[in-house]
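The values are calculated or read from the model by the stated rules, or taken from the named source; none is laboratory data. Please read all numbers here as calculations on a predicted model, not as lab measurements. Note that we place each Cβ from the backbone using ideal geometry, even for glycine, and neighbour counts take in every protein chain shown.
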Amino acid sequence: MKALFFCILLALSVSTFAGWEFSHPVEVGGNNEKQIYHHLESSNRSGLAESDGRVAIVWEDNREGIPLCWTAIKNKGSKAFRLPQAISNGECYEPSVIGIGSGRFVLAWEEDARVWVSLADSGKALSLSKDEAGQLTLARIDEQNLFAVWAEKAGNFRRLMLARISVSGNGLKVEWTVPVEDRQPNDEQAYPSMAVNSDGSVTLVWEDRRFKHTSIMAAHSRDGKLFSPPYRLTDIPQARARTLGAGMGSMRPTLGSCGPSCMVASWLDKRDFLSGYDVYAAFSQNGGKFFGRNLKVQDSFGENIAQWHASISANQKGRVVAVWDDDRDGTSDIWLSDWTGSAFSDNLAVPGAAGPGAQVDPIIYLDDSDTLHIAWLERTEANTTKLKYANASWKD
């Protein structure tokens with residue numbers, strides 16, 4: 001019955017639920033002559049971006065026999081993506097992309113144990129790190145400026161570094177680089193996510209092990225040069241979790257700007273250790289100087305199973321969308337929840353990304369026209385993957 005239901009959904013030209021009207025999924029960068037294993041996991045999961053109607057997706061796959069990063073762009077008004085273009089010449093990992101306006105994109109990736117950036121289509125790569133580094137992510141300030149943050153080795157551990165970058169002709173220029181904390185790290189800092197307020201101030205969230213278990217930490221800066229002392233974004237561990245170790249585990253934070261002074265963070269959280277990771281979120285109404293109470297995103301139907309690959313996106317109108325994958329219906333599906341203004345909505349399976357088979361690793365981007373862009377991986381019977389994309393418009 002479940003298979004028949006989803007076959008009917010896929011036969012429709014569009015699918016509608018909870019206000020979202022979805023397009024048919026399209027495959028991106030396919031190469032049917034080879035078995036390809038795609039990888040969408042990246043710093044801040046920012047593998048999808050929009051710029052004046054153009055859409056860009058970045059990923060890593062093995063089509064050339066080694067891990068390489070690729071980008072594919074869909075022009076405004078087109079249903080299909082152009083043929084993928086390689087981002088680098090050597091082995092490449094964890095690519096990210098951001099739109100900076102006027103149809104342009106900036107790419108970021110890890111290569112030769114360093115982090116790199118370039119303008120899409122320019123071919124001029126700029127190295128940001130001096131030592132072993134990775135997990136680079138970007139945030140736009142305006143059409144000519146952006147921030148980059150990454151984790152770079154400093155002594156025995158990695159710490160966060162931030163750079164301000166400007167667009168210079170057909171290339172990029174580093175204006176300055178600073179550590180988020182001046183002191184040497186006493187444990188790992190990893191997987192930073194970043195968002196910029198309308199006044200140019202910036203907020204960071206990341207995985208941090210200074211408390212001997214992985215917590216989500218946050219810090220705020222007025223200008224990106226001097227950051228506030230980091231503070232814990234996650235609530236204090238419950239007493240029952242403390243009995244099992246140093247504390248609850250949290251991982252893979254993502255961050256979005258939801259208005260002039262609004263920030264929203266999401267992450268995977270294991271405070272309810274019996275059911276595995278849950279999706280949690282928290283809001284800030286002062287631009288990231290402080291976040292409020294932690295909110296569970298998945299509904300009661302997803303309570304007793306683990307959630308994976310959570311991501312959140314927001315726009316300046318205050319709309320907020322969270323996605324992840326879980327197998328509450330027997331196979332891995334992509335699930336979505338909207339912020340209603342007081343709570344996260346009932347979870348709904350994304351049409352075309354749910355049903356028979358395994359649908360995993362969702363990434364999203366919500367643009368200012370309230371168009372939701374979503375990409376994910378579909379695992380085939382041969383245990384390879386297909387990269388799928390769809391978009392959705394909000395219908396009142």
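When the stretch 140-165 is examined, which residues are found to be closer than 18 Å to Asp121 by Cβ and either under 20 Å from the mean Cα position of the chain (by Cα) or not in a loop (DSSP other than H, G, I, E, B) (or both)?
Across the stretch 140-165, the qualifying residues are Arg140, Leu146, Ile165.
Total residues in the stretch 329-377 satisfying the condition of being over 17 Å from Asp299 (Cα atoms) and of a type in the set (D, E, K, R): the figure is 4. Residue pairs whose Cβ atoms lie under 8 Å apart, sitting 6 or more positions apart in sequence or on different chains, and linking a residue in the stretch 155-171 that is within 18 Å of Arg222 (Cβ to Cβ) to a partner that is aliphatic (A, V, I, L, M) and assigned to a loop (DSSP other than H, G, I, E, B), are Leu160/Val180; Leu162/Val180; Ala163/Leu128. The set of residues in the stretch 188-220 that are closer than 19 Å to Tyr277 by Cβ, among the hydrophobic types (A, V, I, L, M, F, W, C) and in a strand (DSSP E or B) comprises Ala190, Val205, Trp206, Ile216, Met217.
When Phe301, Phe290 are checked against the criterion of being surrounded by fewer than 16 Cβ atoms within 10 Å (Cβ to Cβ), at pLDDT below 95 and either assigned to a strand (DSSP E or B) or of a type outside the set (D, E, K, R) (or both), Phe301 stands alone in meeting it.
How many residues does the stretch 155-172 contain that are within 14 Å of Ile141 (Cβ to Cβ) and out of contact with any Asp or Glu (no Cβ under 8 Å at 6 or more places or on another chain)? Steps first, answer last, please.
Within the stretch 155-172, the first condition is being within 14 Å of Ile141 (Cβ to Cβ), and the residues that meet it are 162-167, 172.
Next, from what is left, pick out any that are out of contact with any Asp or Glu (no Cβ under 8 Å at 6 or more places or on another chain): 162, 172.
Number satisfying all stated conditions: 2.
Applying the set (1) within 24 Å of the chain's Cα centre (by Cα); (2) at pLDDT below 95 to Asp182 leaves exactly one unmet item: (1). Residues in the stretch 35-71 that are of a type in the set (Gly, Ala, Ser) and surrounded by 14 or more Cβ atoms within 10 Å (Cβ to Cβ) were compared, and the one that is nearest to the chain's Cα centre (by Cα) is Ser46.
State all residues of the stretch 354-378 that are free of Cβ contacts under 8 Å to residues at least 60 places away in the same chain, in contact with a Phe, Trp or Tyr (Cβ under 6 Å, 6 or more places away or on another chain) and not in a strand (DSSP E or B); if no residue qualifies, say none. Within the stretch 354-378, just Asp370 meets the criteria. Cβ separations smaller than 8 Å between residues 6+ apart or across chains give the following pairs from the stretch 90-102 residues that are under 15 Å from Ile66 (Cβ atoms) and touching a residue at least 12 places away in the same chain (Cβ under 8 Å) to residues that are assigned to a strand (DSSP E or B) and hydroxyl-bearing (Ser, Thr, Tyr): Pro95/Thr71. So, of the residues in the stretch 17-67 that are modelled with pLDDT under 90 and either part of a strand (DSSP E or B) or basic (Lys, Arg) (or both), which turns out to be farthest from Phe81 (Cα to Cα)? Of everything passing the filter in the stretch 17-67, Phe17 is farthest from Phe81 (Cα to Cα).
Checking each residue of the stretch 295-309 against the condition of being of a type outside the set (Asp, Glu) and within 14 Å of the chain's Cα centre (by Cα) gives at least one match.
State all residues of the stretch 72-106 that are within 19 Å of Val26 (Cβ to Cβ) and more than 19 Å from the chain's Cα centre (by Cα); if no residue qualifies, say none. Residues satisfying the conditions are Lys74, Asn75, Lys76, Gly77, Ser78, Lys79, Ala80, Phe81, Arg82, Leu83, Pro84, Gln85.
Name every residue in the stretch 109-139 that is free of Cβ contacts under 8 Å to residues at least 60 places away in the same chain, assigned to a strand (DSSP E or B) and either among the hydroxyl-bearing types (Ser, Thr, Tyr) or under 22 Å from His39 (Cβ atoms) (or both), in order of residue number.
Of the stretch 109-139, the ones free of Cβ contacts under 8 Å to residues at least 60 places away in the same chain are 109-119, 121-133.
Cutting the leftovers down to assigned to a strand (DSSP E or B) gives us 109-111, 114-119, 126-127, 133.
Matches in the stretch 109-139: Trp109, Glu110, Glu111, Arg114, Val115, Trp116, Val117, Ser118, Ser127, Ala133.
Scanning the stretch 333-353 for residues that are surrounded by fewer than 21 Cβ atoms within 10 Å (Cβ to Cβ) and in a loop (DSSP other than H, G, I, E, B) gives Thr340, Gly341, Ser342, Ala343, Ser345, Asp346. Considering only residues in the stretch 169-179 that are within 22 Å of Gly123 (Cβ to Cβ) and surrounded by 14 or more Cβ atoms within 10 Å (Cβ to Cβ), the one that is modelled with the lowest pLDDT turns out to be Gly171.
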